[in-house]
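Working notes, structure below.
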Amino acid sequence: MTSTETTTAVAAERADLLESLAKHRWFLAHTVRGLTDEQARLRPTASELTLGGLLKHVTAMERMWAEFMVTGPTTFPAFDESTAEEWAAEFVMGPHETLAGLLADQAAVAERTDELVRTLPSLDVTHPLPPAPWFEPGARWSARRVVLHVIAETAQHAGHADVLRETIDGQKSMG
């Protein structure tokens, strides 16, 4: 493969990753369109999830993973009994938070992540994952794997959001 072909393939891979991530971010943001802050705080199902809380969580998750691509596992706060409430608060739209503010934060984080994906010298750079019950001990993730994870988590939570929105007022993300 020539240098030009390699450069083109790398640019195409990054463009594909960014396009997929943008699509799922859009679905999540589109799902909360037209809601009031009060509606974004509603828990319309047996779950603890709210639309505002999902948006807040996805944004915080993307922010941490983007920073992980640069600095590694120190980005993540330790997970133990003493930090469980802090992690849980990430899913709650606080009384002084607004849906507009959460959407603005999502846009700023998206801009930062997209810039990193475009400009990292390589998506092959790896870092060890932090200790947490949901990670395999000793595992390492590349920047590419991180972006794929962010895409998957954003898509998963956009689906959750669609169910919540339909339960609140019958609106759907699509259809």
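Let me spell it out: the conditions are (1) assigned to a helix (DSSP H, G or I); (2) open to solvent by 30 Å² or more (accessible area, probe 1.4 Å), and ALA78 meets all of them except one. Which number is the exception?
Every listed condition holds for ALA78 apart from (1).
What is the one condition in (1) open to solvent by 70 Å² or more (accessible area, probe 1.4 Å); (2) among the charged types (D, E, K, R); (3) within 19 Å of the chain's Cα centre (by Cα); (4) over 30 Å from THR167 (Cβ atoms) that ARG63 does not satisfy?
Status for ARG63: all satisfied but (4).
Kindly provide the set of residues from the stretch 91-136 that are surrounded by 14 or more Cβ atoms within 10 Å (Cβ to Cβ), under 24 Å from GLY34 (Cβ atoms) and not aromatic (Phe, Trp, Tyr), ordered by number.
Across the stretch 91-136, the qualifying residues are VAL92, MET93, GLU97, THR98, LEU99, GLY101, LEU102, LEU103, ASP105, GLN106, VAL109, ALA110.
If I go through the stretch 40-61 residue by residue, how many of them are among the charged types (D, E, K, R) and outside any loop (DSSP other than H, G, I, E, B)?
The qualifying residues number 1.
Which residues, taken from the stretch 81-113, are acidic (Asp, Glu), in a loop (DSSP other than H, G, I, E, B) and either touching a strand residue (DSSP E or B) at 6+ places or on another chain (Cβ under 9 Å) or modelled with pLDDT of 95 or more (or both)?
Selection gives GLU97 alone.
Cβ-Cβ under 6 Å, sequence separation 6+ or interchain: first residue in the stretch 101-126 and among the β-branched types (Val, Ile, Thr), partner outside any helix (DSSP H, G or I). Which pairs?
Going by the 6 Å Cβ cut-off, the qualifying pairs are THR126/ARG140; THR126/SER142.
Out of everything in the stretch 152-175 that is of a type in the set (A, V, I, L, M, F, W, C) and surrounded by fewer than 20 Cβ atoms within 10 Å (Cβ to Cβ), what residue ends up being modelled with the lowest pLDDT?
MET174
Return yes when VAL58 is modelled with pLDDT of 95 or more, open to solvent by less than 30 Å² (accessible area, probe 1.4 Å) and not aromatic (Phe, Trp, Tyr) and no when it is not.
Against the criterion (modelled with pLDDT of 95 or more, open to solvent by less than 30 Å² (accessible area, probe 1.4 Å) and not aromatic (Phe, Trp, Tyr)), VAL58 qualifies.
Do you know which of the residues in the stretch 3-39 that are part of a helix (DSSP H, G or I) and among the small types (Gly, Ala, Ser) is surrounded by the most Cβ atoms within 10 Å (Cβ to Cβ)?
Taking the candidates together, the pick is ALA29.
The values are calculated or read from the model by the stated rules, or taken from the named source; none is laboratory data. Computed from a prediction, not measured in an experiment: that's the story for all the values here. Note that we place each Cβ from the backbone using ideal geometry, even for glycine, and neighbour counts take in every protein chain shown. Note: areas computed on protein heavy atoms with side chains; ligands, DNA, RNA excluded. Shrake-Rupley method; radii C 1.70, N 1.55, O 1.52, S 1.80 Å.
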